[in-house]
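One structure is given below, encoded as structure tokens.
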Amino acid sequence: MQGQKKQRAQGVRRWALIAAAALLAGVGTIAVWNAVALRQAVDRRTQQYLADVSNQSAQLIRSRIDAIMGQLVLIAEDLAAGVLSPEGLPARASLAKFDQLAVVGPAGDSPFAEAHAVDLGELPAFQSALNGARTFCPLPEKDGFLYLVPLTRGGQITGVLAGVKSDAKMRLLVDNDCFDGQGSTCVLDSDGAVLVSPVQRPFSASIGATHYSETEGWAQEMQEDLQQGRAGNALLSTADGEEIWLDYRPIGDYELYVATLIPRDLIAAEVDLHARQAIGFAVGAAALLALLSAIGIIYQGRARAQMRRIAFSDPVTGGYNNARFLWEGERLVRQRPAEGWAVIALNLKDFRLVNEVKGEESGDDLLRQVHRALLQQLGEGELAARGEGDTFYLLTRGPQEQLAARMEGFSARLGAIDTAVGRLRVSQGGCFVDPSAPDLGAAERRANLARRTVAEEYPSSAALFDGAFAARQEEEIERLKELEQAFAREEFCIYLQPKYRQRDGRAEVAGAEALVRWVHPGRGLIPPGEFIPLCERTGLIRQLDLLVFEKVCLLLKKWAEQGLAEVPISVNVSRQHLKTAHFLDSYRDILQRTGADARRLELELTENVLFTTREIGKSRELIGRIHQLGMRCSLDDFGAGYSSLGLLKDLPVDALKLDRQFFAGSLDSPRSQAVVRAILSLARALDIESVAEGIEEEGQAAFLWKAGCDLIQGYLYAPPLPTAAFESLLPPADN
Ligand code: C2E
Ligand code: CA
Ligand code: CA
């Protein structure tokens, strides 16, 4: 089970990691793919931009050359028309910003002064000009350029007008401010030779830094393009790893080319930065997401395990809780139905006392100790769990007839545990599980039902919920119905048992105890012993006590009206009342309603009533309130349980009723006599009236009278009597 869980947790964790990695890889791939696409797009745009700018440069250069050519043509026309004489040429040259102007004959003999002296006859451009073209070429081996236009006279080309412009002037042609100064433009001839390069960053410097070699693919392609007058581009890389875009395109029909170079990163650098940031961000976000979900999955796994622990284990013992007990138990019973399964409900007696006396910490310790002890007593496949509070549930197996012995075994084992309030005592209820339809919850309830019937027994006790028990239960349900009917039909009446006082050697009626009777329409008079326990269990007793109290009040009222002596009458008050707050309010209401004289009324409280309140202070308070209502209060059944004489000093009761058990044996033994005598004298010393109950023999009475007992109540003098019979014993009121 544990292993499986661990494996499952590992599986979950592995899948979480795989999912996280996949997510990361996916996001990373998409981000990189996007960046590549972006890069490509940017490259395309860069090329486009480059081509546009290059084109503009070409047009600009062309128009500048055209303009210069135009000036030269004008001068040539002026010469042809005779408007201008060759002698006027220098003046026109400076006007048109030529360094020199000269008329060259068909032989091409050098027309220029020293600085530009050169033989033009060899130049293809010169030949073209002679053939009627306007041409442009560098001045061989000199710093300058030649502009050549044909000179005509009478429709015949007679020579060429040549203009020279210096390098510096030419450079202005390619000097443009494109690409923020990061690019450079130059003019090439069709052989790829640089004719004009800008001042600030010579083109040759850029291109020289590339691994340029004539054999390289792009270089060959470019040569071809230049020969054919085609435009083109190429991506070059420099020695220091920089990449450069090269664009070249023809300038009109001058057989010249504009070449433009820009760093590839001109635009891409910024885009790259953004792309890198985007990738970084995406991958970072994905990593964070993956991390969070991995943590989430692992945490969820832990939380689930934690929840399982909380949901299925007992916080105090660390063992099974009831939910787990039911679940696991039913599974076991289904798996092995023929094993004689039974559920035992086991409750610790006086656990509350342990908590109160020693504190909850040691209460918890005790629970753990009990849990351990029970586990030791269990066989293979059997279960133990703590249910609510101090109740434990056990699932046992084995022959049915051995269950009682098993329960005894548990009592004995737990009885070895010492608690703050003595040896541990428990009450147990057992219930067999129906293997065909295992319902452990129902078994627990039945086991508890059986347990409660013996919960009050001393010391430890156990009961089985078997066929007989079930039958009794059925019967009890019937009885309960009957009881409720009895209330409705007013089938209850009171009997009064006289209490006698000795006066002048004779016993006379000095009071009575009201005892309830059920006048059953079919079964006749039913004594309280047969229905009071059920009333106690169901809480009906409170209603019953008030009913009796009311009847007594009415009786007292009637006696007062009839002029009969109003002897004090005591009524029994069940401890169940203490469960209701301010229960005395009901008594007060009845007193007020009936107008009975409270001084004639006495409430009999058993020791356990006063014990139920636990704190002696509370008991004193209760007695105080009874006194406030004007009634007396007596301590009933003194000596039946574990009465403590110590109680008497703390509780301001008015009367002490010695239980029949005191006299059950014989008062002959000097020991018993001494005890009774001591109690009676103690009561007298404390100014508490003493009442001896259940006196059946003359000898007992004689002893008690002699020992100073105030009142005697017993069959010796009178049994409980119907009210009319009791009234006949009463003397008329004194006045
Ligand atoms: P209890 O309060 O101790 O009442 C005295 C019981 O002893 C009465 O039994 C009475 O009939 C019986 N008794 C009196 N003298 C003798 C005697 O000489 N010998 C023997 N063997 N018994 C004697 P009863 O009437 O059957 O009542 C039994 C118990 O039922 C009472 O014990 C009391 O605890 C309870 N009870 C009766 N009426 C009420 C009631 O109205 N409210 C409550 N809460 N309990 C009541
Ligand atoms: Ca009583
Ligand atoms: Ca009694």
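Bear in mind that the values in this text are calculations on the coordinates, not laboratory data. All of these numbers come straight from a predicted model, not from anything done at the bench. Note: ideal-geometry Cβ built from the backbone for every residue, glycine included; neighbour counts use all protein chains shown.
Here are the numbers:
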quantity	calculated
Length released on extending from residue 21 to residue 457, taking residue separation times 0.36 nm less the Cα-Cα span	150.2 nm
Axial C-alpha extent at least 24 Å, average Kyte-Doolittle at least 1.0 - helices from the chain (DSSP)	none
Long-range HN-HN contacts of residue 710 with modeled amide H, under 5 Å	690
Where the Cα pairs of segment 320-466 fall when distances are cut into 10 Å bins, in %	13, 45, 32, 9, 1
Segment 585-735, relative contact order in percent, only Cα pairs under 8 angstrom and at least six apart counted	16
Surface/4 estimate of mean projected area, convex hull on alpha-carbon atoms of segment 240-295, nm²	6.1
At R0 = 41 Å, FRET efficiency that the Cβ-Cβ distance of residue 40 and residue 74 yields, to 0.05	0.25
Sequence of 569, 157 once ranked by neighbouring C-beta atoms within 10 Å, starting from the fewest	157, 569
Antiparallel bridges, percent of DSSP beta bridges restricted to the chain (to nearest 5)	75
Hull volume in cubic angstrom per residue (convex hull over the Cα atoms of segment 256-391)	201
Using θ = phi - 60° and Karplus 6.51 cos²θ - 1.76 cosθ + 1.60, couplings along segment 119-128 (whole Hz; Gly, Pro as x)	8, 7, x, 7, 6, x, 4, 5, 4, 4
Projected label distance in nm at residue 353 and residue 475, using a 7 Å step from Cα toward the beta-carbon	3.2
Calculated FRET efficiency for the pair residue 168/residue 278, C-beta based, R₀ 45 Å, to 0.05	0.45
Neighbour-count ranking [beta-carbon atoms within 10 angstrom, fewest first] of 453, 260	453, 260
Residue order, fewest to most beta carbons within 10 Å, for 238, 391	238, 391
Separation in nanometres of the label points that stand 7 Å from Cα toward Cβ, at residue 404 and residue 645	4.1
Centroid-to-centroid separation of segment 531-601 and segment 646-724 [C-alpha atoms, Å]	24
Size of charge dipole - the chain - debye, nearest 20, with Cβ of Lys, Arg +1 and Asp, Glu -1, no other charges	2840
Stokes-Einstein D in µm²/s, Kirkwood radius over Cα pairs - segment 615-663 at 4 °C with 1.567 mPa s viscosity	113
Gained length - residue 96 relative to residue 133, 0.36 nm times residue gap less alpha-carbon distance	11.3 nm
Reciprocal mean inverse distance between Cα atoms of segment 474-727 - Kirkwood radius, Å	19.0
Sparse-neighbour loop sites [trypsin sites (Lys or Arg not before Pro); segment 594-698; at most 13 other C-beta within 10 Å; DSSP]	614
Extreme residue, positive dipole direction of the chain, given options 395, 286, 428 (C-beta unit charges)	428
For the chain, the spread of Cα positions along each principal axis, largest first, Å	187, 64, 48
Extended-chain gain in nm, criterion 0.36 nm per residue less alpha-carbon gap, residue 506 and residue 235	83.4 nm
Efficiency of FRET between residue 191 and residue 298 - r from beta-carbon atoms, R0 41 angstrom, step 0.05	0.05
